[in-house]
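Here's the structure, in structure tokens; my notes come after.
The values are calculated or read from the model by the stated rules, or taken from the named source; none is laboratory data. Every value quoted in this text rests on a predicted model; they were computed, and no experiment measured them. Cβ sites come from the backbone with ideal geometry, for glycine too, and all protein chains shown count toward neighbours.
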Amino acid sequence: MPRITFPHVGESYRSFKMLMEDLGNEVILPPRPSKRTLDLGVRYAPEFACFPVKILLGTYLETCPQGVELIITSGGVGPCRAGHYAQLHKKILRSLGYQVDIVVFEPPRLYPLEFLHNIQRLNPHRMSYRAIYECIRRAWRKLQALDNVEKLTHKIRPRETVRGATTRAYRRVLEWIDRAYSLAEIEEAEQSAIEELKKVPQDPYRDVLRVGIVGEVYVLLEPASNLEIEETLGNLGVEVERSLFLTGWTRDNTWAETTEGLTVKEAALPYLPELLGGHGRDSIGNTVLYAKRGFDGVIQLAPFTCIPEIVARTILPRVSEDHSIPVLTFFLDEQTGKAGMATRLEAFVDLMRRKKAARRTA
Amino acid sequence: MAVRVGIPSSLLYYLYYPAWNTFFSELGARVIPSGNTTREILDLGVKEALADACVPIKLYFGHVKALVGQVDYLFIPRVVCLNRETTYCPKFLGLPDMILHSIKNVPPLIDVRIDVREERDALFKAYRQAGQVLGATGRVIIQAYRKAMATERRFFSLLRKGWSPHEALQILKTGSRPPKKKGRLTFAVLGYPYLVYDQYISVGLLGRLKKMGVDVVTVENLAPRVLYRQKDYLEKRLFWTLGDLVLRAAHYLLRRTNIDGVIHVTAFGCGPDSLVGKYLEMAVHQYRNVPFMSLSIDEHSGDAGIATRLEAFVDMVMRKKEVGLQCPGSLSPM
Ligand code: SF4
Ligand code: SF4
């Protein structure tokens with residue numbers, strides 16, 4: 001049985017683990033990125049590599065000693081660096097003596113043959129395509145369930161009456177989804193999870209601010225890399241809406257661009273007509289859309305030295321001015337501290353509250 | 001009065017200024033470059049650009065600021081792809097947008113998009129569009145374009161003969177060639193043209209080497225034909241034209257024996273360089289142990305620090321070469 005691992009991206013590992021085991025692989029679970037992960041990544045990655053490159057390398061350096069033979073990751077097609085992660089990681093891991101290979105999944109729409117070829121490498125029992133398709137379908141449904149439940153916590157947390165109740169309930173229900181296997185079980189687990197979360201005592205009259213979150217995909221999807229910013233905001237009475245979810249993103253990348261993607265592009269057009277790779281243009285477009293939808297503010301999350309997000313950040317002040325929406329940017333790296341972030345967030349929340357109050361009296 | 005077209009003297013200026021200058025001049029415009037980088041220009045840029053941006057982008061902002069108020073148009077093309085294969089760094093792709101939306105009172109931009117993957121004569125069409133902004137029409141534009149391309153060919157062929165862009169510009173202008181004498185050592189100085197040739201930001205790197213008797217080969221001195229023959233140096237090629245060229249040049253030069261040392265000039269905060277630098281280091285180790293030095297440039301690089309490091313490096317290479325001459329074979333891996 002090939003021993004495989006993959007990057008840690010939020011709670012998605014629960015679904016990938018199931019898929020990979022169904023196909024007949026032995027999965028070595030990636031740990032949640034920790035201080036140790038960062039230290040390892042920083043030590044062996046080039047100094048100016050972007051933050052995700054470092055975290056992923058650190059993650060691999062934690063799993064490789066357990067005998068990993070194959071790493072599965074997704075490529076991303078230029079012109080940004082993401083497409084080069086895998087190659088760099090492989091070179092570094094090999095130079096450290098780990099005989100691992102990396103399989104890069106590119107969007108099947110662009111590289112259909114490569115996609116099938118890659119699938120075969122993960123299919124030691126030579127299952128039929130039909131059987132594989134069934135596995136993927138279940139895994140996808142599980143991913144959706146995970147995303148849906150997470151979205152719900154973003155709504156409930158700012159309204160909870162007992163601090164931490166949402167997060168505790170969330171931890172609990174994640175395990176239910178984790179254990180579900182058949183399609184019916186997954187749907188049932190999702191349903192009970194949603195009901196359980198709704199039982200968290202809430203104050204429906206609380207004056208909650210709404211903030212959109214935009215930025216680079218990895219730091220958006222992995223709470224450990226953004227110091228759990230969504231939780232911190234929730235505790236400050238802010239409902240967040242994240243512009244990217246794994247099921248939203250993989251779909252965009254996998255099938256034709258969705259209509260939603262098109263509107264983001266259109267919204268960005270007056271500011272940034274060029275696709276930069278990464279999610280730079282989406283950051284602009286989504287900010288415009290959040291403003292139009294009446295959000296109180298936008299937070300941009302970007303890895304330190306992230307090229308497309310730097311371009312976006314240079315333009316965002318103008319968007320913020322034109323659409324009169326406050327925007328706050330965090331460039332994240334291993335030195336970003338939770339306390340400093342909390343202080344900036346509190347000030348930002350104050351600013352939004354004052355703005356909202358002024359708008360009401362006006 | 002002639003229309004004044006400003007061209008910031010940074011980034012692709014070092015490669016395409018002669019062509020741009022010829023083109024706009026032929027159309028009757030007065031071309032105004034922002035000139036050599038100075039402390040003031042750098043300071044303007046540092047103040048204006050995002051703190052997290054790389055030095056060259058900050059510097060470019062400074063050059064733009066220096067032109068604001070002096071010109072009627074600013075020529076800031078969106079250069080996406082010129083060779084059908086690789087694109088420029090995403091910051092080049094978003095350059096006009098960054099300038100337009102963050103610098104106050106910018107004059108109208110001529111921000112034509114150049115992507116030769118789109119159609120066969122995309123380059124000409126981009127020039128035509130630029131010419132139309134100035135109100136020029138068909139014939140005149142075609143002629144200006146032809147002249148621009150002729151200038152570009154002459155300029156590039158001078159670069160390939162070993163001249164630097166500054167020298168080549170001088171030769172194009174005056175026709176006379178500066179004297180050249182052979183140095184004691186030859187270094188490959190690899191990096192983006194806007195770092196290597198900017199005398200201010202590179203703290204006079206090329207001049208210093210020359211004074212120490214070191215001849216220099218840069219990426220621009222090599223013919224692209226030769227570089228593109230360097231096949232398969234990576235499993236997956238780099239997406240960015242300039243970084244890709246740096247790596248190809250490295251592989252080509254390292255295989256030849258007449259290079260005594262390699263200096264990689266890299267910008268503080270440069271995204272692509274985190275990869276290019278790492279691959280370059282690996283390449284240097286792969287071929288033979290050519291002395292290698294990486295020079296990271298930021299807005300505070302001081303004269304003194306760089307001078308000392310350079311001198312030490314040159315001395316080391318010199319000693320190594322002398323030892324090598326006395327007893328051949330001792331140069332094998334250290
Ligand atoms: S989008 Fe940003 S974080 Fe992602 S590879 Fe590019 S520079 Fe790195
Ligand atoms: S290649 Fe590097 S130095 Fe050049 S603009 Fe891009 S990030 Fe800046």
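Remark: pairs (first residue in the range B:112-124, assigned by TED's automatic domain parsing to the domain that holds residue B:147; second residue polar (S, T, N, Q) and surrounded by 15 or more Cβ atoms within 10 Å (Cβ to Cβ); Cβ separation under 9 Å; 6+ apart in sequence or on different chains) = B:112/B:129; B:113/B:129; B:115/B:87; B:117/B:87. A Cβ distance below 8 Å, combined with a sequence gap of six or more or placement on separate chains, defines the contacts here; from the range A:112-124, residues that are more than 14 Å from residue A:74 (Cα to Cα) reach residues that are exposed (fewer than 12 other Cβ atoms within 10 Å of the Cβ) in the pairs A:124/A:1.
Of the listed requirements (1) at pLDDT 90 or above; (2) over 25 Å from residue A:301 (Cβ atoms); (3) over 22 Å from the mean Cα position of the chain (by Cα), residue A:4 misses just one: (3).
Among the residues here, residue A:333 qualifies as more than 10 Å from chain B (Cβ to nearest Cβ) and not polar (S, T, N, Q). Checked across the range B:210-218, the condition of being more than 11 Å from chain A (Cβ to nearest Cβ), free of Cβ contacts under 8 Å to residues at least 12 places away in the same chain, surrounded by fewer than 17 Cβ atoms within 10 Å (Cβ to Cβ) and not small (Gly, Ala, Ser) holds for at least one residue.
Taken over the range A:79-132, the residue count meeting the criterion of being modelled with pLDDT under 80, in a helix (DSSP H, G or I), more than 16 Å from ligand 1 (Cβ to nearest atom) and not hydrophobic (A, V, I, L, M, F, W, C) is 2. Exactly one residue among B:139, B:153, B:177, B:146 is part of a loop (DSSP other than H, G, I, E, B), surrounded by fewer than 15 Cβ atoms within 10 Å (Cβ to Cβ) and away from ligand 1 (no atom under 16 Å from the Cβ), and that residue is B:177. Inside the range A:295-342, can you point out the residues that are of a type in the set (Phe, Trp, Tyr) and under 22 Å from residue B:48 (Cα atoms)? The answer is A:304, A:330, A:331. For the range B:218-236, does any single residue satisfy the condition of being within 16 Å of ligand 1 (Cβ to nearest atom), at pLDDT below 90 and either farther than 24 Å from residue B:34 by Cα or touching a Ser or Thr at 6+ places or on another chain (Cβ under 8 Å) (or both)? The answer is yes, given that some residue of the range B:218-236 is within 16 Å of ligand 1 (Cβ to nearest atom), at pLDDT below 90 and either farther than 24 Å from residue B:34 by Cα or touching a Ser or Thr at 6+ places or on another chain (Cβ under 8 Å) (or both). Checked against (1) crowded, with 24+ Cβ neighbours inside 10 Å; (2) without any contact (Cβ under 8 Å) to a residue 60 or more places away in the chain; (3) outside any helix (DSSP H, G or I), residue A:335 passes all but a single condition, namely (1).
From the list B:71, B:79, B:55, which one is more than 16 Å from ligand 1 (Cβ to nearest atom) and over 18 Å from residue B:192 (Cβ atoms)? Please lay out each step first, then the result.
Working: B:79 fails: over 18 Å from residue B:192 (Cβ atoms); B:55 fails: over 18 Å from residue B:192 (Cβ atoms).
Going through B:71, B:79, B:55 in turn, the sole match is B:71.
Name the residues in the range B:101-117 that are away from chain A (no Cβ under 13 Å) and either of a type in the set (Lys, Arg) or closer than 21 Å to residue B:146 by Cα (or both), would you?
B:110, B:116
The strands (runs of 3 or more DSSP E) found wholly in the range B:1-100 and carrying at least 1 residues that are within 12 Å of chain A (Cβ to nearest Cβ) and without any contact (Cβ under 8 Å) to a residue 60 or more places away in the chain occupy B:78-81.
Among the residues of the range A:16-26, is there at least one that is free of Cβ contacts under 8 Å to residues at least 60 places away in the same chain, crowded, with 19+ Cβ neighbours inside 10 Å and touching a helix residue (DSSP H, G or I) at 6+ places or on another chain (Cβ under 6 Å)?
Taking every residue of the range A:16-26 in turn, none turns out to be free of Cβ contacts under 8 Å to residues at least 60 places away in the same chain, crowded, with 19+ Cβ neighbours inside 10 Å and touching a helix residue (DSSP H, G or I) at 6+ places or on another chain (Cβ under 6 Å).
As a summary of the residue check, residue B:293 satisfies the conditions (1) within 14 Å of another protein chain (Cβ to nearest Cβ); (2) of a type in the set (A, V, I, L, M, F, W, C); (3) touching a Phe, Trp or Tyr at 6+ places or on another chain (Cβ under 7 Å) except for the one numbered (1). Here is the figure for the range B:296-310: residues that are touching a helix residue (DSSP H, G or I) at 6+ places or on another chain (Cβ under 8 Å), within 14 Å of ligand 2 (Cβ to nearest atom) and either assigned to a helix (DSSP H, G or I) or within 14 Å of chain A (Cβ to nearest Cβ) (or both) total 2. Only a single criterion out of (1) farther than 30 Å from residue B:299 by Cβ; (2) in the same structural domain as residue B:240 (by TED's automatic domain parsing); (3) among the aliphatic types (A, V, I, L, M) is not satisfied by residue B:196, namely (1).
Candidates are the residues of the range B:252-295 that are without any contact (Cβ under 8 Å) to a residue 12 or more places away in the chain and either in a loop (DSSP other than H, G, I, E, B) or within 16 Å of the chain's Cα centre (by Cα) (or both); the one that is nearest to ligand 1 (Cβ to nearest atom) is B:256.
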